[in-house]
Amino acid sequence: MSESASASTQELERAALDSLAAAESESELEEWRIEYLGRRGVLSSRLRSVGALPVEERREAGASLNRLKNRLSNAFDEAAERASGSADRRSTDDGIDITLPGRRPNLGGLHPSEMMMREILEVFNDMGFQTVEGPIVELEKYNFDMLNVPPDHPARDLQDTLWIDRESKDRVLLRTQTSPMQVRTMEKQRPPVRIVSPGLCFRHEATDATHEWQFHQIEGLAVDEGVTMSDLKGTLYEFARRIFGTQRKIRFRCDYFPFVEPGVDVSVDWDGRWVEIMGAGMVHPKVLEGVGYDSSKYTGFAFGMGPERIAMLRYNIEDIRHFFSNDLRFLSQF
Ligand code: PHE
């Protein structure tokens with residue numbers, strides 16, 4: 001190959017690469033491609049003119065031009081790829097960089113109280129108890145009178161009850177327990193009755209690690225002919241077995257609630273300490289008679305438990321106030 005042919009190939013390459021580097025937009029790149037690599041472009045016409053060279057130079061000149069054509073078309077591919085990449089990055093004019101990692105949407109989860117309640121309800125549903133829900137704003141007669149809580153009972157005191165309306169004949173309050181659902185259910189249906197009823201309750205409390213003014217309860221009620229205390233114990237043992245495992249000890253002790261007779265409290269062993277998780281007992285005949293049930297024919301048991309207390313035992317939560325503090329550092333652990 002002659003000196004001049006080789007030099008002009010080098011010059012051509014430099015000029016081509018310089019103008020490729022200057023091409024920014026897709027249309028400028030396309031113009032460059034047509035100018036250098038197109039069918040009527042610089043390289044094609046150079047290759048065509050190889051035929052005019054002396055025979056001994058043709059072979060080397062053609063091979064050299066073909067190598068140059070390959071290098072230029074590789075350079076073009078790279079430039080085109082870079083340009084389309086930066087086009088994506090700039091793809092919107094309003095300054096949004098779509099190559100930045102996306103923002104993870106904040107997916108919520110179930111509240112630990114809700115999780116615990118669902119688990120407990122499932123245990124009782126499996127044993128044939130149906131879930132029913134009732135009003136949080138309740139009539140005094142359901143929350144107290146019909147549950148055999150006499151008007152002078154200390155539980156009615158302003159200290160415990162948050163009243164909505166104390167002046168009307170039918171006084172209205174925020175329910176202090178889910179037990180009114182015993183009465184509401186029995187008023188509506190004849191035995192056999194087997195229900196569980198979850199929901200929020202409110203008491204005018206001084207709060208501390210185990211007391212909140214707002215908390216959940218799950219009420220249970222079973223009424224039929226021949227229901228006995230051993231049914232109560234068998235049902236609650238099964239509940240404890242499923243929630244706390246077969247090894248956990250539970251204890252029944254006498255306790256007083258106006259709407260049961262006899263009444264018990266149920267505690268769970270926690271590292272040698274008894275922790276009360278519910279009240280229970282045989283439904284008081286006065287409550288049965290109050291809803292028109294024949295108490296010589298029907299008997300029943302009832303219980304009321306605190307799912308937050310149970311979750312505290314289950315997950316070693318030291319303060320009940322965490323449940324309603326709305327702190328994600330707590331909530332996101334469940
Ligand atoms: N309602 C009672 C309480 O809030 C618990 C309870 C329910 C006791 C049913 C006996 C039967 O403490």
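The values are calculated or read from the model by the stated rules, or taken from the named source; none is laboratory data. Keep in mind that this is a model prediction, so the values were computed, not measured. Methodologically, a virtual Cβ is constructed for each residue, glycine included, from the backbone with ideal geometry; neighbour enumeration extends over all protein chains shown. Keep in mind that these areas ignore ligands, DNA and RNA; they rest on the heavy atoms of the full protein, side chains included. Shrake-Rupley method; radii C 1.70, N 1.55, O 1.52, S 1.80 Å.
A cut-off of 5 Å between modelled amide H atoms, ignoring neighbours fewer than 5 places along the same chain, links residue 227 with 299. Treating cross-link reach as a plain straight distance, find the lysines whose alpha-carbon is under 25 Å from the alpha-carbon of residue 169, omitting any fewer than eight places away in the same chain. Those lysines meeting the cut-off are 141, 188, 286. Here residue 249 is the anchor, and the lysines within straight C-alpha reach of less than 23 Å, apart from those fewer than 8 places off in the same chain, are 233.
According to the Kirkwood relation over distinct C-alpha pairs, the hydrodynamic radius of the chain is 26.6 Å.
So if the hydrodynamic radius of region 195-327 is defined as the Kirkwood radius over C-alpha pairs, what does Stokes-Einstein give as its diffusion coefficient at 37 °C and 0.692 mPa s, in µm² per second?
206
Looking at the chain, the accessible area is 58 square angstrom per residue; that uses a 1.4 Å probe and ignores ligands, DNA and RNA. Comparing mean-square fluctuations of 243, 277, 96 from a GNM of the chain with C-alpha springs under 10 Å, the top value falls on 96. Among the trypsin sites (Lys or Arg not before Pro) found in region 31-72, those both in a DSSP coil and sparsely packed, with 14 or fewer other Cβ atoms within 10 Å of their Cβ, are 39, 40. Enter the Cα centre distance for the pair region 214-240 and region 259-277, rounded to the nearest angstrom. Centre-to-centre distance over Cα atoms comes out at 13 Å. For residue 209 and residue 132, the FRET efficiency from 1/(1 + (r/R0)^6), where r spans their Cβ atoms and R0 equals 35 Å, is about 0.65. For a modelled paramagnetic label at residue 313, 7 Å from Cα along Cα-to-Cβ, the residues of region 236-258 in reach, with backbone nitrogen under 18 Å, are 236-256. Legend: helices of the chain (whole DSSP H runs) are marked when their alpha-carbon atoms reach 20 angstrom or more along the helix axis and their mean Kyte-Doolittle hydropathy is at least 1.0; nothing is marked. Net charge near residue 210, counting Lys/Arg +1 and Asp/Glu -1 over other residues with Cβ under 14 Å of its Cβ? Net charge around residue 210: -3. Just checking the listed ones, 109, 220, 62: in the Gaussian network model of the chain with Cα springs under 10 Å, the one fluctuating most is 62. For region 110-263, a Kirkwood hydrodynamic radius built from all Cα pairs, placed in the Stokes-Einstein relation at 20 °C and 1.002 mPa s, yields a translational diffusion coefficient of 126 µm²/s.
Taking 163, 270, 32 in turn, the Gaussian network model of the chain (Cα-Cα springs below 10 Å) assigns the largest fluctuation to 32. Any chance you could run the full-extension gain for residue 48 through residue 78? It's 0.36 nm times the residue separation minus the Cα-Cα distance, nm to one decimal. Using 0.36 nm per residue and subtracting the Cα-Cα distance, I get 8.1 nm. Using a probe radius of 1.4 angstrom, the carbon and sulfur fraction of the accessible surface of the chain is 48%.
Region 30-120 has equivalent-ellipsoid semi-axes of 63, 16, 8 Å, by the square roots of 5 times the alpha carbon gyration tensor eigenvalues, sorted largest first.
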